[in-house]
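The structure under discussion appears below in the form of structure tokens.
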Amino acid sequence: MSLAEPRRDAKLDVLKSVFGYEAFRPGQEEAIDLLLAGRHVLTVMPTGSGKSLCFQVPALVLGGLALVVSPLVALMRDQVAALRLAGVAADAIHSGQTREENVAAWHRVAGGKTRLLYLAPERLMTERMIAALRRLPVRLVAVDEAHCISQWGPSFRPEYEALGALRETFPGVPIAALTATADEVTRADIAARLFGNDVATLVQGFDRPNIRLTVEPKGDWKRQLLAFARSHPGRCGIVYCLSRKKTEEAAAFLLENGVPARAYHAGMPREAREASQQAFMSEEPLVMVATIAFGMGIDKPDVRFVFHTDIPGSLEAYYQEIGRAGRDGAPAEAHMLFGLGDIRTRRLFIDAEAAGEDRRRRELQRLDALVGYCEAPSCRRQVLLAYFGEEAEPCGNCDACLQTVARVDRSDDARRAVEAVRATGERYGAAHVIDVLRGHATEKACAAGHDRLPVFGAGAQVPLKEWRSILRQLVAAGFLALDIGGYGGLAVARKGMALLAGGEAFLFRPPPAREERRLRRADAAAAVAEDDAEGAALLVRLRALRLALAKERGVPAYVVFADRSLVDMVARRPQTPAEFAEVHGVGAAKLREFGEAFLGAIRSAGG
């Protein structure tokens, strides 16, 4: 079939016969049609919305060979496994395979047997590989996790920059770039670097309404983490920590307190990392405690929560990381701890980068946006989506919406705080400023003469935790600034001077009273009616069968069938192959491979 003239209904045939779906999700069809028409496409879609189909369907319609650039071995491995179970000839060449396995894969590619070939950018962009591929009928190129191309992206990877040569290497071949994480600056950077600005950009949206957003002031982070983990018993989750040491410490702490957990960071031996990842990808409930080294390419649909013990580097990084929760569409939670010390640490990281002043300025702006999100006085989702250029109504599924707290005029206390910062020389951190305000004659305060200042003890009646919150909100609202020199000192901003002069008011958002957490059923069983005891039992049986079949094939359970498919089986109770073919996610190959096994389980349950 030629590149210019695919059959108009071919994409729907592929969607149903290969992937077992009746209709496209929002945004998929528009991207597919553009690629089938020979256009380059940059697609930004929320995690869990089916980005992979945007290039897999046109690859199969166009015929020939499709190249898929992917950043991680785990991502390549899982996508190839899923495609093969769907009956698609897919291969990958990567460092996680032996030389013999890679050679065998290349022979299949060169022999015309492979439809989709997955490669890391380092392996693709070599003279030898490019020369070999130019002799083959390449019909489509897809660049997954495309934000890696941008030097401003949260997961910058220099090897991606070379991909800009692809449009000259394969002239006339449509290129798809796909990501869930790209603000306006990052999208413009991708469009320029990869496409020379000759690209159709599709932004489907960023909202993940099933994820509840919560930010909690950081106190005893271990106690806070344990309380949260215990409130989600039997759930899979990811805990992100800033350092490798803290990652191991947190994982050990959870284990000591009865929460199944594993650590994952780049400093671990490769075998240990892979063992942790394999355990997490199985169906056993497990909490993965990790640095940002874990996550990209982890397409596990039933992650019920993401917990940040430290703030991430930007709202893009935050959005990408929380996007690993709730990919099945069921309720999930994103819970973050936030303290002023986190801001100082992040500023140190930015200052330590060997980068130009323009990049540094942009990263500081991004950090400021994240701080604003953390101290948002109203709906957090509105703040998050506004950062990506979207307007939204209050979501009703974040702590600010669910625990409505009236803002209180605390301008007098705010003036005391700003005056304390100014009087102490605008060089001390929050802890020292609070000691001065509360009248604590510490060694540091006495040595500096701050115990003789008029503001010393002026805020003695305000509790310590309240002063911490006031200072955080003064920073977030722009009354105070953290010094960029990296020492964490507070300085008075122009808005703070206006506050002292009576030209500004400070409205404080008190921390909401703690409410007893109500656990929500958030797994596939929630889709089965509570009064359908037989259906619930059948679902348990089907999940066990799925896990056994997955282990036989060495793939994650969801690659066999998603939870939605199992729930549909329970609802339909199919009795024949023809009826089983109508189940969501059952294509021709999976009907042949798994039909009898699942039909047998359904029949034996009295379906």
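The values are calculated or read from the model by the stated rules, or taken from the named source; none is laboratory data. Bear in mind the structure is a predicted one, so any value in this text is a computation, not a measurement. Cβ placement follows ideal geometry from the backbone for every residue including glycine, while neighbour counts extend to all protein chains displayed.
Observations on the structure shown:
- Any hit, the stretch 425-432, residues being of a type in the set (Ser, Thr, Tyr), touching a Gly at 6+ places or on another chain (Cβ under 8 Å) and either modelled with pLDDT under 95 or outside the structural domain of Glu321 (by TED's automatic domain parsing) (or both): yes
- Val138 being of a type outside the set (Gly, Ala, Ser), surrounded by 13 or more Cβ atoms within 10 Å (Cβ to Cβ) and over 30 Å from Ser314 (Cβ atoms): yes
- Pairs where the first residue, in the stretch 267-290, is in the same structural domain as Ala74 (by TED's automatic domain parsing) and within 17 Å of Leu255 (Cα to Cα) and the second is hydrophobic (A, V, I, L, M, F, W, C) and at pLDDT below 85, C-beta under 7 Å, 6+ apart: none
- Complete set of residues in the stretch 363-406 that are closer than 23 Å to Val203 by Cβ and at pLDDT below 75: Gln365
- The stretch 551-591: number of residues that are on the phi < 0 side of the Ramachandran plot and in a loop (DSSP other than H, G, I, E, B): 13
- Counted residues, the stretch 466-509 - those being among the basic types (Lys, Arg), at pLDDT below 90 and over 14 Å from Ala417 (Cβ atoms): 1
- One residue from Thr43, Thr98, Thr114, Thr47 being out of contact with any helix residue (DSSP H, G or I) (no Cβ under 9 Å at 6 or more places or on another chain) and hydroxyl-bearing (Ser, Thr, Tyr): Thr98
- Of the strands (runs of 3 or more DSSP E) that lie entirely inside the stretch 1-96, those containing 3 or more residues that are over 22 Å from Ala188 (Cα atoms), assigned by TED's automatic domain parsing to the domain that holds Arg193 and more than 24 Å from the chain's Cα centre (by Cα) span 65-69, 90-93.
- Ala417 being over 30 Å from Ala332 (Cα atoms), surrounded by fewer than 21 Cβ atoms within 10 Å (Cβ to Cβ) and not basic (Lys, Arg): no
- Out of Val239, Val259, sole residue that is among the β-branched types (Val, Ile, Thr) and farther than 30 Å from Leu385 by Cβ: Val259
- Residue match in the stretch 592-601 (condition: closer than 30 Å to Glu274 by Cα, outside any helix (DSSP H, G or I), of a type outside the set (A, V, I, L, M, F, W, C) and modelled with pLDDT of 85 or more): no
- Residues that are crowded, with 16+ Cβ neighbours inside 10 Å and aliphatic (A, V, I, L, M) within the stretch 589-604 comprise Ala589, Leu591, Leu599, Ala601, Ile602, listed in sequence order.
Quick grid of which residues meet (1) closer than 22 Å to Asn397 by Cβ; (2) in contact with a helix residue (DSSP H, G or I) (Cβ under 6 Å, 6 or more places away or on another chain); (3) at pLDDT 85 or above:
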residue	(1), (2), (3)
Ala527	yes, yes, no
Ala533	no, no, no
Arg541	no, yes, yes
Ser565	no, no, yes
Val570	no, yes, yes
